[in-house]
Each structure stands twice: as structure tokens, then as C-alpha cells.
Amino acid sequence: MVEPFAGGGIISLTALFENLVTSAVMVELDDDIGAVWQSVVGGQTKWLARRILEFDLTKDSVIKELSRKDVDVKEKAFQTILKNRTFHGGILAEGSGFLKHGENGKGIRSRWYPATLARRFSDLSMIADRICFRQEDGLDVIREYSHLKNAVFFIDPPYTAGGKKAGNRLYRHFSLDHDRLFALCEGIKGDFLMTYDNADEVKIMARRHGFQMRLIPMNNTHHATMEELVVGNDLSWMDRYPAVHEPKVEYTTKSKKRKVPTSGSTLIANPRRPRIR
Ligand SMILES: C[S@@+](CC[C@H](N)C(=O)[O-])C[C@H]1O[C@@H](n2cnc3c(N)ncnc32)[C@H](O)[C@@H]1O
């Protein structure tokens, strides 16, 4: 499988641990995240596990550790893990700050579970040799693998409804040519699954490129229920899950914006691929 916007790479890792795929190409532009995956594939999982277990986490110790600039890749990976666990929302982008109250008012230590984290890193040694990590532009890597019929892609691009400003707060690399991404997906000979925020402009692009869509309910970090948009070539297999549904076509009137449900067939992004239910 290919995960061109890997971040924490949960889908690649799950697919590898569950033996759903033989190998995974994980791509990520961010330097800090890249250091983590480079260390994992470079055989440093046990070192990272030990570093996590031995670190005495206080606000002062984190500040001191993060102020070290001339560090090697594995130490940079450790710094990334520290930031992810102690910064608000785990956000690494500029402007992010330390957790103030955290979970149960435990402040900076509230998301620091050293034993669990260490075990997770140590477990990664079981699959590390099946990961190919590349710190490159995910779009180029999609193009490189798109001709392979036996390659599957999980695509979770940086996108936040609300445009650049919102995306900017979450990721250092937030700007992406989404139209080009959709065009590249059309060229994929294997299969792909793409996830986005449920935004009108995304649905318009998906329809224009002839893809199907489904909405999946999920809880965000504030425990509010929202819907994640899934885009793909043929998503009829998802219809056996009752909570999953197709997005409604939206019409905008001058006075107000309202959702108008239309009849079955017009809801389908690609009429050539009828919905099976
Ligand atoms: C929505 S997140 C992916 C989250 C991921 N699914 C996970 O499990 O954590 C998007 C990621 O794409 C990265 N990114 C942004 N532009 C990129 C590009 N052109 N090529 C590769 N990665 C990119 C961002 O740094 C960010 O980590």
C-alpha cells in the first residue's frame, strides 16, 4: 500500500500488523515527523522506547530537551514524540503551545503514558522492515505507483474546511494542489480511499472527477460528532454499514443555504457506477 500523506501513519501500520498488505510506502514532507519514520525504519525503535521510559517529564525538562538544536535523527524523533504528547492537540505546527490543563487537569503530563508509548515503538520493530519511508512530495509518489494494479492507496491530505488559515494551524505543510491530487487519483490503476472534511468544494471536485462519496460519523478531539467524507472509485461495499451514507447535494438559495435531498440516482457521484443496496 501507499500512504502519500502519512502523518502518524495509523492506516499503514494497522494494515501491516494485520497482514492486510505485504509492504507500505509511507510518504511525509514534515521534517519532525520524517525523523520519527526514518528512525523506525533505521532500526532505532528499541532506542526510542528506552529514551521514552527513561525521560523524567516536567515542563522544564521538555523545554530543555526541545532547545537542543544540533541533534541526530533519532534524538529529533524523540523531540517530535515529546512535542506531539505535550503540545496542545498534539499539533506540531508553528504557534502550537504546551497543554495547559490537559486531560483531567494533569497539565503537561496528561498525555504522557511512557510504558504504552515505549511498547508501541518497540512493537514497530516487528514491521519496520516492511516500511519504505520517503520524505518527498506525496503527489509525486502517487504518480510513481499509479500504474500498479496491485497497489492500494490511503490518501488523507492536509485539508481543513475554512481554507488555508485553518489548515495552517494543524500542519506545517498545509498547502496542496487538491485539483491535481484528484486528477492523479483518476490515473490510479489499483484502488484508493481518500478522506476529507465534509466540505462543499471537495464534493464538487469529487463529482467532477467521477468519484463516489460516503459520509462516516466520527468524534473529533472535542468529542463532538461530525462527518468525515470518504472518496473513492466504488464505495458500494460501505453500504452494509448503516451509519454510512452518501452526501446530499446542496443547493444555495439567496436567502439561506439548505440541504435538499434529491432522488437516489442523482446522489451518486458517478452514475456509471450504480449504487448497490
Ligand atoms: C491529514 S494529515 C495525515 C494524518 C494521517 N492519516 C495520520 O494517521 O496521522 C496530512 C499529512 O500530510 C503531510 N503533508 C502535507 N503536504 C504533503 C505533501 N505534499 N507530501 C507529503 N506529505 C504532505 C502533513 O505534514 C500531514 O502530516
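Of note:
- Here Gly34 fits the description: closer than 13 Å to Ile81 by Cα, in contact with an Asp or Glu (Cβ under 9 Å, 6 or more places away or on another chain) and either surrounded by 18 or more Cβ atoms within 10 Å (Cβ to Cβ) or of a type in the set (Val, Ile, Thr) (or both).
- Subset of region 66-90 [surrounded by fewer than 18 Cβ atoms within 10 Å (Cβ to Cβ) and either over 24 Å from Glu28 (Cβ atoms) or touching a Phe, Trp or Tyr at 6+ places or on another chain (Cβ under 8 Å) (or both)]: Ser67, His88
- Scanning region 121-136 for residues that are surrounded by 15 or more Cβ atoms within 10 Å (Cβ to Cβ), within 16 Å of the ligand (Cβ to nearest atom) and of a type outside the set (A, V, I, L, M) gives Phe121, Phe133, Arg134, Gln135.
- Counting only helices (runs of 4 or more DSSP H) that sit completely within region 1-105, those holding 2 or more residues that are within 16 Å of the ligand (Cβ to nearest atom) correspond to 10-17, 31-41, 73-86.
- The lone exception for Thr14 - which of (1) touching a residue at least 60 places away in the same chain (Cβ under 8 Å); (2) under 20 Å from Asp156 (Cβ atoms) it fails: (1)
- The selection criterion, being modelled with pLDDT under 90 and among the hydrophobic types (A, V, I, L, M, F, W, C), does not hold for Ala118.
- Qualifying residue in region 112-127 (condition: more than 19 Å from Asn233 (Cβ to Cβ), in contact with an Asp or Glu (Cβ under 6 Å, 6 or more places away or on another chain) and either polar (S, T, N, Q) or part of a helix (DSSP H, G or I) (or both)): no
The values are calculated or read from the model by the stated rules, or taken from the named source; none is laboratory data. Quick caveat: nothing in here was measured; it's all calculated off a predicted structure. Using ideal geometry, Cβ is built from the backbone for each residue, glycine included, and neighbour counts are taken over all protein chains shown.
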